[in-house]
Amino acid sequence: MSDIVQASALTRRFDPRLSLGDRIAAAFGARVETRPVRAVTDVSFAIRQGETLGLVGESGCGKSTLGRMVAGILPPSAGDLRIDGEPVMRHGRKTTTRIQTVFQDPFASLNPRRRIGATISEGPIAHRLIRRAEAPAFVADWLARVGLDPAVATRFPHQFSGGQRQRVAIARALAMRPDILVCDEPVASLDVSIQAQILNLFLDLREALGLTCLFISHDLSVVRHVSHRVAIMYLGRIVEIGPAAQVYAAPRHPYTQGLLDSVPKLRLDAEDVSFQPIAGELPSPLSPPSGCAFHPRCPRATDLCRAQRPELAPHPGEVAVACHHA
Amino acid sequence: MTAPLLEVEGLRTHFLTRAGVAKAVDGVSFVLQPGEILGLVGESGSGKSVTGFSLIGLVDPPGRIVGGSIRFAGQELVGLPAEQMRALRGRRIAMVFQDPQATLNPVLTIGTQMALALQAHDRVSDRAAAERAATMLTRVGIPDAAARLGNYPHEFSGGMRQRVAIAMALLNGPELIIADEPTTALDVSIQAQILHEMKALAAESGTALIWISHDLATVSALAHRVLVMYAGRIVESGPVGAVLRAPLHPYTRGLLDSLPAMTEPGRRLRQIPGTAPSLLALPPGCPFAPRCPRADAACTAPPPRVDHAERRALCHHPLEAAA
């Protein structure tokens, strides 16, 4: 299988906006200190044709920022993103329709004043995938494929439940006939029974359309379920990446191990459910720790970890880990 | 057997809206022993939060408790005058909410807020209040507690803020804490820390806990017994292990099967079809019948109570209880 998505050394900084006072001071030649937030630093990975890469991490780790860069919504500060060798963005603008996105919140991602039929057909008409006259049949077909009654095309988003809206959002993304789908927490706001329905829909459509996916979630069991490979992020960097089965069965990075241990698992054979929290809290991305960013919370940290940042290095079994002691 | 701490019998909390009467809680009964941890599980709209709010007397109009009884340590809480309820709330029954940002007053320091919570119920000097507050913050795992009393809520992280809210709930040594999705907004590593500490605190202080959550795994990690709610009713109850190993009610089974962890990766999940019914127009008989694989003509009549050892379910066609 060949790589379809190639991300190399993607970095994204966010510069804080200066206050009026600081801007005036700067205009008069004063030195104004600004500390950019490094949301994503030097992230490289590839996604193979037909593969789903799961991206896991806690809030603030940069997974959504990375997803938005892959989706071509946010230009990287540095680094390069290509599909089949073609850059996704030129001059800060997305140049392809081969990537589409499904967002977390179907309440915010659908235009509330537009009938959902128009929402689904707008992109394909604008990009000349279909003619305007074909739109009604096209919309009906897509609604049926995501499990909605084609008659609902004339309704507005508020007339749907959260799960149904997420189906509309999926139809809108797939109607553009993308090769690559970026899903940013697509089931996080849904109830368990509805989450299962949407995950099943995702699995069905992925197979039927041969999609390549970047699936972002904080939910480890959801990511395990849908992903072929997973990448674990901590404070803007990938700390471990590899085949899902392997990373979950034998995590090598202490953060991955801690994350997997801290989720209460339903073990129906045992009386007591086991889980073990990671000590400490996430550091601020404004002032990341020296060396390995995880060292203040890591049980295995040594002086080396405090001084030098470990590179993401290959390990046996197609796994790469950024740890001095893995 | 000691006397139960809490006895809820036929509790009904309805919301009288312009569109009709939403029966958010409709005939909920359960018993809670002192020191027991009870998990209250359900999806959105199942009535789990409204049940919690009803217990502590915080149901706002158009919601109203229209029937049933809540006896706390022998005292009837339904119809209790507001003043007496206020004396009880925060002292003998405390609540922890999902969003600590909304619970804590943003313009008062943590120390001031905790002192107010103490002084609302007892004559405590400011100095003694600060001391008790610091002790409690240390117990919930906040480092350097005495110094942090002077901080405002925004100076704490989300996880630390929830710890402050838990410390405030524990402050007056309540006999019962109602926690409504207290870890839902938190990251998994922080959630694990709070669960860990909550379990230890409850065991240490002998406080009974009602843990309201949509997450079966979290509840199984914490609770002794579980109540599963659907459309305003408790459809199944019993010891956590027994219920999750071999549920009696098809809804509990469906909820478990919906979890990705219960299926081999990459395979289709066994989903529950359809969506929860509107509380304004519940189907006659069993509210789960339209989504239930076992439903038949009998399910249009109200489901009978099924007893199996320590477990109960409301169902015409309960599943085999293996355990």
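Since every read-out is calculated from the coordinates, none of them should be taken as a lab result. Every value quoted in this text rests on a predicted model; they were computed, and no experiment measured them. Cβ coordinates were reconstructed from backbone atoms using ideal geometry, including for glycine residues, and neighbour counts include every protein chain displayed.
Here are the numbers for the structure shown:
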| item | result |
| --- | --- |
| Modelled FRET efficiency - R0 30 Å, B:Leu108 with A:Ser59, Cβ distances, 0.05 increments | 0.70 |
| Size descriptor, Kirkwood hydrodynamic radius, that averages inverse alpha-carbon separations across chain B, Å | 20.8 Å |
| Dipole of segment A:270-326, positive direction: furthest Cα of A:His295, A:Ala322, A:Gln308, with charges on the beta-carbon | A:Gln308 |
| Residues whose placed amide H lies under 5 Å from that of B:Val66, excluding near-sequence neighbours | B:Arg12, B:Thr13, B:His14 |
| For segment A:211-263 and segment A:117-156, distance of Cα centres in Å | 35 Å |
| Global size of segment A:203-285 as Cα Rg and Dmax, reported in angstrom | 14.7, 44 |
| 10 Å Cβ neighbours from other chains, averaged over peptide B:216-229 | 3 |
| Ellipsoid semi-axes in whole angstrom, largest first, where each is sqrt(5λ) of the Cα gyration tensor of the protein assembly as shown | 41, 34, 24 |
| √(5λ) per eigenvalue of the Cα gyration tensor, chain A, largest first, Å | 35, 27, 19 |
| Nearest-0.05 FRET efficiency for A:Ser284 and A:Asp204, computed from C-beta distance (R0 41 Å) | 0.50 |
| ³J(HN,Hα), Karplus 6.51/-1.76/1.60, whole Hz, each residue of segment A:7-12, x for Gly, Pro | 10, 10, 6, 5, 9, 9 |
| Ordering of B:124-135, B:80-91 by packing [mean C-beta count within 10 Å, highest first] | B:124-135, B:80-91 |
| Shape call, segment A:86-168: gyration tensor on alpha carbons, a/c limit 1.5 | oblate |
| Distance from segment A:1-71 to segment B:10-26 (C-alpha centre basis), Å | 48 Å |
| Contour excess over end-to-end distance, with Cα ends at B:Thr184 and B:Ala73 and 0.36 nm allotted per residue | 37.0 nm |
| Within-10-Å neighbourhood charge of B:Leu256 [Cβ basis; K, R +1; D, E -1] | +2 |
| Tail weight of P(r) past 28 Å, computed on alpha-carbon pairs of segment A:159-302, percent | 32 percent |
| Cα Rg, Dmax, segment A:1-142, angstrom units | 19.7, 63 |
| Most fluctuating residue given options A:Val223, A:Val263, A:Val139, as computed from a GNM of chain A linking Cα atoms under 10 Å | A:Val263 |
| Estimated dipole of chain A in Debye, rounded to 20 [Cβ of Lys and Arg +1, of Asp and Glu -1, Cα centre] | 1220 debye |
| Whichever lysines have a C-alpha closer than 28 Å to that of B:Lys199, once near sequence neighbours (fewer than 8 apart) are set aside | A:Lys265, B:Lys48 |
| Ordering of B:204-213, A:128-137 by packing [mean C-beta count within 10 Å, highest first] | B:204-213, A:128-137 |
| Longest to shortest principal axis, alpha-carbon extents of segment B:107-171, angstrom | 31, 24, 19 |
| Nearest-20 debye value, the protein assembly as shown charge dipole, Cβ charges on Lys, Arg, Asp, Glu | 1560 debye |
| 222 nm mean residue ellipticity, helices alone, for chain B (DSSP H n ≥ 4; -39,500 (n - 2.57); rounded to 500) | -8500 deg cm²/dmol |
| Loop sites in segment A:189-276: GluC sites (Glu not before Pro), DSSP, at most 12 other Cβ within 10 Å | A:Glu271 |
| Ascending count of other beta-carbon atoms within 10 Å, so fewest first, for B:Tyr152, A:Tyr248 | B:Tyr152, A:Tyr248 |
| Average beta carbon contacts from partner chains per residue of B:44-56, 10 Å cutoff | 1 |
| Structure-based [θ]222 nm, chain A - -39500 (n - 2.57) summed over DSSP H runs of at least 4, per residue, nearest 500 | -8500 deg cm²/dmol |
| GNM flexibility winner over chain A from A:Leu209, A:Leu266, A:Leu220 (Cα, springs under 10 Å) | A:Leu266 |
| Gaussian network model of chain B, springs between alpha carbon atoms under 10 Å - residue of B:Thr184, B:Thr138, B:Thr275 with greatest fluctuation | B:Thr275 |
| Cut-off under 5 Å, modelled amide H: who pairs with A:Thr52 long-range | A:Cys213, A:His228, A:Arg229 |
| Part-to-part distance (alpha-carbon centres) for segment B:41-66 and segment B:124-154, which is given in Å | 32 Å |
| Cα gyration tensor, segment B:76-227 - rounded (a/c under 1.5), prolate or oblate | oblate |
| Nearest-20 debye value, chain B charge dipole, Cβ charges on Lys, Arg, Asp, Glu | 400 debye |
| B:Gln84 versus A:Glu33: modelled label distance in nm, points set 7 Å from Cα along the beta carbon direction | 6.0 nm |
